[in-house]
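Novice: Once you've had a glance at the structure underneath, I'll fire off some questions.
The values are calculated or read from the model by the stated rules, or taken from the named source; none is laboratory data. Since the model is a prediction, treat every value here as computed from it, not as a measurement. Cβ atoms come from the backbone with ideal geometry, glycine included; neighbour counts cover every protein chain shown.
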Amino acid sequence: MEQKSREIQAMFDDIAHKYDLLNRLLSFRTDVRWRKKAIKLAKISSGQTILDLACGTADMMIEMDTRVQGVKLIGGDFSYNMLKLGKEKFPAGSFSVSDAHMLPFKTDSFDRITISFGFRNVTDKPKGLKEMHRVLKPGGRLCILEFSQPEGFIFSKLYRLYFTKILPFIGGMISGNKSAYEYLPESVYKFPKKDLYRQMVLEAGFEKVDFNPMTFGISDATICYKSEG
Ligand SMILES: C[S@@+](CC[C@H](N)C(=O)[O-])C[C@H]1O[C@@H](n2cnc3c(N)ncnc32)[C@H](O)[C@@H]1O
């Protein structure tokens, strides 16, 4: 694993115990609404086998399990502490220590892959996307729920103030790891812009990509389609 990935892994291991509390607090629970919308857009349905990559403490898995009966859920993450909390919260789920750059799954294994607030942390995004494309079944869909940069002059200025000043302050105070909450806005502002993002997804082998901005563009549920054959 490369050095940057190792640092990210250590950072999530360190903040795991406060992750859920801060997630709810700092997003004003909006993340719950975004997850529901992403699940709908990914067309999750009964009988599917789903990989929730970068599953963290399993919130997305729990949301899918609650909303859709009879789905087989596998959570993959490279932070042992996040996975441990995920297993405690969702004992019915299967979990696997997985690095997005080298997924420990056979080709054509999953009907759907979800990755919520995890993709921006994948250091080699083209490689991660190629791996996700490989393990998806033909006709499968990948749903990337991720922070984005809001549009509109005034709103984007206010958001930047909250995201780069207030959030790291509160996050640092509660988690004891301020740099983790400085890294969050940094990773969002460094995330590739829509055109490059689209190109990256298509170059990984997906045949189509749809963006679905939510809450003034603060987040986006991006759906990537693998062709039928
Ligand atoms: C912000 S948390 C999101 C957790 C969860 N999906 C959620 O929605 O709350 C990001 C997660 O991505 C994981 N992660 C980051 N890079 C990864 C990689 N290369 N492979 C696997 N997991 C990764 C971290 O360990 C962390 O649990």
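Novice: Restricting attention to the stretch 71-84, does a residue exist that is of a type outside the set (A, V, I, L, M, F, W, C), in contact with a Cys (Cβ under 8 Å, 6 or more places away or on another chain) and farther than 23 Å from Glu182 by Cα? Break it down stepwise before answering.
Specialist: Residues of the stretch 71-84 of a type outside the set (A, V, I, L, M, F, W, C): 72, 75-77, 79-81, 84.
Narrowing further to those that are in contact with a Cys (Cβ under 8 Å, 6 or more places away or on another chain): 75-77.
Now drop any that are not farther than 23 Å from Glu182 by Cα, which leaves 75-76.
Checking the stretch 71-84: at least one residue is of a type outside the set (A, V, I, L, M, F, W, C), in contact with a Cys (Cβ under 8 Å, 6 or more places away or on another chain) and farther than 23 Å from Glu182 by Cα.
Novice: Name the helices (runs of 4 or more DSSP H) wholly inside the stretch 116-208 in which the number of residues that are in contact with a Phe, Trp or Tyr (Cβ under 7 Å, 6 or more places away or on another chain) is 2 or more. Please lay out each step first, then the result.
Specialist: Numbers: elements: 125-135, 153-161, 167-175, 178-190, 194-203.
The helices (runs of 4 or more DSSP H) meeting that bar are 125-135, 167-175, 178-190.
Novice: Can you tell me which residue among Phe12, Phe78 is modelled with pLDDT under 95 and not charged (D, E, K, R)? I'd like the intermediate steps shown before the answer.
Specialist: Details: Phe78 fails: modelled with pLDDT under 95.
The unique qualifying residue is Phe12.
Novice: If you don't mind, another one. Looking at the stretch 99-132, which of the residues that are touching a strand residue (DSSP E or B) at 6+ places or on another chain (Cβ under 6 Å) and among the charged types (D, E, K, R) is surrounded by the fewest Cβ atoms within 10 Å (Cβ to Cβ)?
Specialist: Restricting to residues being touching a strand residue (DSSP E or B) at 6+ places or on another chain (Cβ under 6 Å) and among the charged types (D, E, K, R), the top hit is Asp108.
Novice: For the stretch 53-104: of the residues being part of a strand (DSSP E or B) and more than 11 Å from the ligand (Cβ to nearest atom), which is nearest to Gln3 (Cα to Cα)? It would help to see each step written out before you state the result.
Specialist: First, the residues of the stretch 53-104 that are part of a strand (DSSP E or B): 53, 72-77, 94-97, 99, 102.
Those left that are additionally more than 11 Å from the ligand (Cβ to nearest atom): 72-74, 94-95.
Details: Lys72: 33, Leu73: 30, Ile74: 27, Ser94: 28, Phe95: 24 Å.
Within the stretch 53-104, the match that is nearest to Gln3 (Cα to Cα) is Phe95.
Novice: A further question on this structure: Going through Asp52, Asp108, Asp65 one at a time, which residue ends up being within 18 Å of Ile144 (Cβ to Cβ) and either among the charged types (D, E, K, R) or modelled with pLDDT under 95 (or both)? Working first, answer last.
Specialist: Numbers: Asp108 fails: within 18 Å of Ile144 (Cβ to Cβ); Asp65 fails: within 18 Å of Ile144 (Cβ to Cβ).
The unique qualifying residue is Asp52.
Novice: Among the listed residues Lys37, Lys4, Lys43, identify the single one that is more than 12 Å from the ligand (Cβ to nearest atom), assigned to a helix (DSSP H, G or I) and either more than 16 Å from the chain's Cα centre (by Cα) or not polar (S, T, N, Q) (or both).
Specialist: Details: Lys4 fails: more than 12 Å from the ligand (Cβ to nearest atom); Lys43 fails: assigned to a helix (DSSP H, G or I).
Being more than 12 Å from the ligand (Cβ to nearest atom), assigned to a helix (DSSP H, G or I) and either more than 16 Å from the chain's Cα centre (by Cα) or not polar (S, T, N, Q) (or both) holds for just one of Lys37, Lys4, Lys43, which is Lys37.
Novice: OK, next. Take Gly152 and tell me if it is surrounded by fewer than 15 Cβ atoms within 10 Å (Cβ to Cβ) and within 23 Å of Phe211 (Cβ to Cβ). Steps first, please.
Specialist: Working: surrounded by fewer than 15 Cβ atoms within 10 Å (Cβ to Cβ): yes; within 23 Å of Phe211 (Cβ to Cβ): yes.
Yes, satisfied.
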